[in-house]
Amino acid sequence: MTIINIKKILFLFFCLALAQTHSLFASEDTKQLPAIDLDFCQDQLESLPILQNGRVKPLFVHAGETIKYLTGKNNFQQRSAVITYCQLSSSSLFLSTSAPEIRTPIEHNEIRTLLKSVLSPNNDVTYKDLFSSLALIRNSYMAQKDENAMKRSLNELLHKLSIYQSIVSGDDWKIPQWDEEQKLTWSSVKDAFSPLQLEKNSLISSAKIYAYLTNSQETYRKQFGDKHLLELHYAKAKLPLIAIVLTCLALLVLPLTKNIWIPLALATATVLTQITLITLRIIISGRAPVTNMYETVLFSGLASLILALVIGHFKKEKSYLLIGLFYNFLTLLMLNFAHGMLSASIGPLVPVLRDNFWLSTHVTSVIVSYGALALSWLMANLTLIENRKNPLSRKALQERMEHIYSAIKVGVVLLAAGVILGGVWADYSWGRFWGWDPKETWSLIVLCVYMVILHGKNTSWIPPHRFVPLVAGAFLSVMMAWFGVNYILATGLHSYGFSQGGAIFLAGFFALQIIILLVTAPNLKGPGENPQA
């Protein structure tokens, strides 16, 4: 045997010994690599507490809201939002799993033209293709001189890209960790698992990640309780859907039965369901549930139904129940299906709103007044439509006017109280009682409009056949103060309540109300013109 062959044999033995030594001293993670024996993205992680926007909430809630915002859908390719969101973050952990290629719909026609090279036949595009067109999108955004629909849509698209990038980089998902002194800290998924990595770009055991997240979840629950789990149950309960089903049943039963107790029972069940919904939001957020458009619409519908039950009970009038249920149905319809306009997310408050006393008095008074005025609005429209089909007698018209008048009185008193309380709060927060802010100005306009109507009725300045159409039209001022300032004007110190997506809804509402008035108002005769007793 030559010396060269002996050297080769010795070198081979050396390599085998080195490999064996490495296997003896390698950690368990190394032995498990490269196979991925368990995908750590499982639905069981839905209850994992995460920190997002300064608030602890379950992964189920954040993942659902985020995937819904990014894709417009509640799930992706039959995978839950939790799994989709988790898998998008997997690339930050150096796992050998491919992130799902989620898509976002493109609704603006000019943006569709701009992105036609990457746009699918379904008018949607993957986020990877959007990133390839990022420079084009930014240049188009900067080219928009005015604040128009195109610029707002491009801004939203850039915001979606920013969130998507945050998710895939592992920075969006903050999980609980404990330092050497066992103090709670919050770290992004990418940073949380960096100590577990053997070396850069190596694989991490999915089983170990899943066990780590599960242990973190249990440790957090032992130290801080299960409050975040309450939000999980709240999100899964689908209480707005249950409320709208109960309301629909009550509306169907009410005209079909002479037994008022059946629809009353259903209406009461609806009220209890919505009170439960609002109570859970109060517990979760720690504040009054009137800080965004979703909550004001929810509270307005509930307040209107309760007022209808109370006023209807004392006046022994069944029509109040019908109107209260119908208005509540309209608000619940928006809560369940107008997701582009109303967001159910529970977010932190801006500093000016962090006073639960003023928030619970001023805003609540105004929103409940809107619910009362909505009763008068619907009853006025019902009167106009019924009279258009079959002219009402003088007695029937007078009764309807009294019912409408009762609802307006409640609404005006509450609105006046809300405006005054708002002025006191403004003096407390901003150092001035009144500043002609758009929200303040429109609230005052609404109050003046309805006070003129009340004064005109009491002094006979407004004749009966003009009173009802005026009440129906007056609610347009409420919608302008409530939705118009938030969705169209979007200026002023009340910027914390501004939203997007409601301009078309508001324009449609105005158009429909004007059409109803044009078609029905001329048919409403004065007392001396209607021969019926």
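The values are calculated or read from the model by the stated rules, or taken from the named source; none is laboratory data. Nothing here was measured: the structure is a model prediction, and the numbers come from that model. Neighbour counts are summed over all protein chains in view; Cβ atoms, including those assigned to glycine, are modelled from backbone coordinates with ideal geometry.
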Looking at region 305-353, which of its residues are of a type outside the set (A, V, I, L, M, F, W, C) and in contact with a Ser or Thr (Cβ under 8 Å, 6 or more places away or on another chain)?
G312, K315, G324, Y327, N328, T331, S343
Scan region 141-182 for residues that are of a type in the set (F, W, Y), within 17 Å of C86 (Cα to Cα) and part of a helix (DSSP H, G or I) and report the count.
1
Quick check on N201: is it at pLDDT 80 or above and surrounded by fewer than 15 Cβ atoms within 10 Å (Cβ to Cβ)?
no
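Of K208, K160, K190, K151, which residue is basic (K, R), at pLDDT 90 or above and surrounded by 15 or more Cβ atoms within 10 Å (Cβ to Cβ)?
Details: K208 fails: at pLDDT 90 or above; K190 fails: at pLDDT 90 or above; K151 fails: at pLDDT 90 or above.
Answer to the selection: K160.
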From the residues in region 126-141 that are under 22 Å from G72 (Cα atoms) and of a type in the set (D, E, K, R), which one is surrounded by the most Cβ atoms within 10 Å (Cβ to Cβ)?
D129
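Being part of a helix (DSSP H, G or I) and either at pLDDT 95 or above or exposed (fewer than 14 other Cβ atoms within 10 Å of the Cβ) (or both) is the filter here; which residues of region 252-263 pass it? Before you say what the answer is, go through the steps one by one.
Taking region 252-263 and keeping what is part of a helix (DSSP H, G or I), we get 252-256, 261-263.
Correct list: L252, P255, L256, W261.
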One residue is enough: does region 190-206 have a residue meeting the conditions within 21 Å of the chain's Cα centre (by Cα) and either on the phi > 0 side of the Ramachandran plot or not hydroxyl-bearing (S, T, Y) (or both)?
no
Scan region 388-424 residue by residue and report those that are farther than 18 Å from I445 by Cβ, modelled with pLDDT of 90 or more and not charged (D, E, K, R).
M401, H403, I404, Y405, S406, A407, V410
Within region 385-403, track down each residue that is surrounded by 19 or more Cβ atoms within 10 Å (Cβ to Cβ) and among the charged types (D, E, K, R).
R400
Do we find a residue being under 25 Å from R400 (Cα atoms), touching a Leu at 6+ places or on another chain (Cβ under 9 Å), of a type outside the set (S, T, Y) and buried (at least 23 other Cβ atoms within 10 Å of the Cβ) anywhere in region 331-350?
no
Considering only residues of region 506-533 that are farther than 14 Å from F475 by Cα and surrounded by 16 or more Cβ atoms within 10 Å (Cβ to Cβ), which is modelled with the lowest pLDDT?
N530
Is there a residue in region 423-446 that is assigned by TED's automatic domain parsing to the domain that holds S477 and under 16 Å from A374 (Cα atoms)?
yes
Can you tell me which residue within region 77-112, out of those that are hydrophobic (A, V, I, L, M, F, W, C) and part of a helix (DSSP H, G or I), is farthest from F40 (Cα to Cα)?
I111
Hey, any hits in region 101-108 for a residue that's surrounded by fewer than 17 Cβ atoms within 10 Å (Cβ to Cβ) and of a type in the set (S, T, N, Q)?
no
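Quick check on I283: is it touching a residue at least 40 places away in the same chain (Cβ under 8 Å), loosely packed, with under 15 Cβ neighbours inside 10 Å and either in contact with a His (Cβ under 6 Å, 6 or more places away or on another chain) or in a helix (DSSP H, G or I) (or both)?
Values: touching a residue at least 40 places away in the same chain (Cβ under 8 Å): yes; loosely packed, with under 15 Cβ neighbours inside 10 Å: yes; either in contact with a His (Cβ under 6 Å, 6 or more places away or on another chain) or in a helix (DSSP H, G or I) (or both): yes.
Yes: the conditions hold for I283.
State whether one or more residues within region 426-438 are of a type in the set (K, R), at negative phi and part of a helix (DSSP H, G or I). Before you say what the answer is, go through the steps one by one.
Restricting attention to region 426-438, the residues satisfying the condition of being of a type in the set (K, R) are 432.
After this cut, where a residue has to be at negative phi as well, the list is 432.
Among the residues that remain, those that are also part of a helix (DSSP H, G or I) are: none.
Looking for residues that are of a type in the set (K, R), at negative phi and part of a helix (DSSP H, G or I), one finds none in region 426-438, hence no.
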Verdict on L51 being modelled with pLDDT under 50, under 30 Å from L232 (Cβ atoms) and outside any helix (DSSP H, G or I):
no
Does any residue of region 113-126 turn out to be in a strand (DSSP E or B), touching a residue at least 24 places away in the same chain (Cβ under 8 Å) and not charged (D, E, K, R)?
yes
